[in-house]
1. What translational diffusion coefficient, to the nearest whole µm²/s, does chain A have by Stokes-Einstein, given a Kirkwood radius computed over alpha-carbon pairs, a temperature of 25 °C and 0.890 mPa s viscosity?
2. Treating the angle as unsigned and between 0 and 90°, give the value, to the nearest 10°, between the Cα long axis of helix A:46-68 and the longest Cα principal axis of chain A.
3. What does the extension gain come out to for B:Asp37 and B:Leu8, with contour length at 0.36 nm per residue minus their alpha carbon separation?
4. Can you pull the one-decimal nm distance between simple spin-label points at B:Asn79 and A:Val70, each 7 Å off the Cα toward Cβ?
5. Is there a pair in A:Lys4/A:Lys65; A:Lys138/A:Lys253; B:Lys197/B:Lys231; A:Lys45/B:Lys73; B:Lys204/B:Lys231; A:Lys221/A:Lys253 whose C-alpha atoms are over 26 Å apart, and which pairs would that be?
6. In terms of Cα to Cα distance under 13 Å, which aspartates and glutamates are near enough to B:Lys28, apart from those fewer than 8 places away along the same chain?
7. Working from Cα positions, state the angle (0 to 90°, nearest 10) between the long axis of helix A:210-219 and the longest principal axis of chain A.
8. Taking Cα atoms, how many degrees apart are the long axis of helix A:77-100 and the longest axis of chain A, rounded to 10 and kept between 0 and 90?
Amino acid sequence: MKLKHALTIASATDAGLVRNFNEDSVTADEDSGLVVLADGMGGYKAGDVASGMATMIIGNELKEKFAKGVGKSNGVDLETELLRDAVSRANQAIYHAAHNKTQFQGMGTTVVITLFRDNIVTIAHVGDSRLYRLRNDKLEQLTVDHSLLQEQVQLGLISTEDARVSHNRNLVTRALGVNQTIAVDVRQERSQPGDIYLLCSDGLNDMVDDADIELAMVSIKENIPLLVQQLVLMANDNGGHDNISVAAIKVEKPFPLRTGFFSRWFSAHA
Amino acid sequence: MAKLVLSLNGSVIGNYFLEKERFSIGRKPTCDIQINDQGVSKEHVVILTVGNDQILEDLGSTNGTQVNGQDTKRQILQNGDVIEVGRYRVKFVSQKAMPDMDFDKTLMIPAFDRTKLRQEEADKRGPDTESISTAVANARNVKTIFPLGAVHGISGELAGQEIELVRAITALGKPGSSAIISRRPAGYFITHVAGKKHPIVNGKSIGDSPFPLDNLDQLEVGLDKLQFYLK
């Protein structure tokens, strides 16, 4: 099964109504089942450089490794290591650029990644860009923000309701390019046909309530390119204060890695 | 109540309370603030009040509108914002619109070095923590300044039924032949989602683009015939 026959992928990015330029970056590669979304920060246009470096380096790194052949999955750890290494490499590149060029000083970026392989989605993230999943028409957030707001809630300092009016929504506690090493959250989920995965920058989820994100995904699940456009539109209709990026992946069919005769025979008789 | 303080060259000329839902500034005598200045368009800018929000909208003015020195077409005003219209300055004052929404992403300067957090800790902390909804309180609903819309089923599965178009999106049709009506600040729009047959409005297929709806438009989605109206 070729991945591009099993997955429908669409993405959109927009500066929003208030910002003059877009510091988000998104890349999607149907052949390797990889989607990377990054939200840059810091300095005049430097955020754009940081997010662009993140998506490009992570994308290229993984494509190269897949081209060389990463071999069969040695258990569930292979994809986790691949993503962790790629994020680490991007982090170091951004860190060095930020520390060697004055115009890039202080730049950094969030990142959220999905890698679809062998009926498993591997999810990695740093910062407050998110991954949601719609399954059986129910929306679920699969990432936990690395933000001061999230920490305050976890520490019980404020309620989840207060979070809506907090001044701290945009203070991230982890980002690529700030330190030489980076702690990445990675998790794996078994995917199911019908699932829709949604990566987004906070320009979406700060502007559009989760209930309305769910409503859009349920109403437009038959048209993924329209879905991403509609979500950007909704964020802008609600004010469009920040750059808005979204990428959606719909799992149309299972995508087992091995499709040889024996594995087909075994799965048919399992 | 929110107010505007009009000044020219540092001298205050007047105070205006935003008592109306739509408050206009321009060269025309019918504007709520009339400014006789060649750099100001006839209808230069409006401020719409929706709940606690004041939304500034440049009406396609020749010289544009600046808020705090930045060109703007449309934005929600924050307490203390300075709007520039021609040579005049208009200060926006509202205790209900404190700039509590700082959307400039900033990296927190950590009290302790959080990035030294060990990988295992990161893994442990990841999946099991509570997720929170960050959508700002006043961005939860589409701000509309027109009456509520609804569709009435004429024939098909929705015959005799009325659906109020309250939410941002209302889905119509069924799997394989579907459309949405979206509620937007400028009005209602119908958009084709899936199926060979595109929705039909007043006898004409709408194609792939969102199509603005007018009161009493006749809609066809799949086998359902509906009428759109504003309540």
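Throughout, read-outs are computed from the coordinates displayed, never taken from laboratory work. It should be emphasised that the depicted structure is a prediction, and the values quoted were computed from it without experimental measurement. Glycine also receives a Cβ, built like all others from the backbone with ideal geometry; neighbour counts cover every protein chain displayed.
1. 129
2. Its long axis makes an angle of about 10 degrees.
3. Extra length from B:Asp37 to B:Leu8 when fully extended: 9.3 nm.
4. Simple spin-label model gives 5.1 nm for this pair.
5. Values: A:Lys4/A:Lys65 18 Å; A:Lys138/A:Lys253 19 Å; B:Lys197/B:Lys231 29 Å; A:Lys45/B:Lys73 21 Å; B:Lys204/B:Lys231 24 Å; A:Lys221/A:Lys253 15 Å.
Where the Cα-Cα span goes over 26 Å, the pairs concerned are B:Lys197/B:Lys231.
6. Cα-Cα hits under 13 Å: B:Asp37, B:Glu43.
7. With both axes taken from Cα atoms, the answer is about 40 degrees.
8. Rounded to the nearest ten degrees, it is 30.
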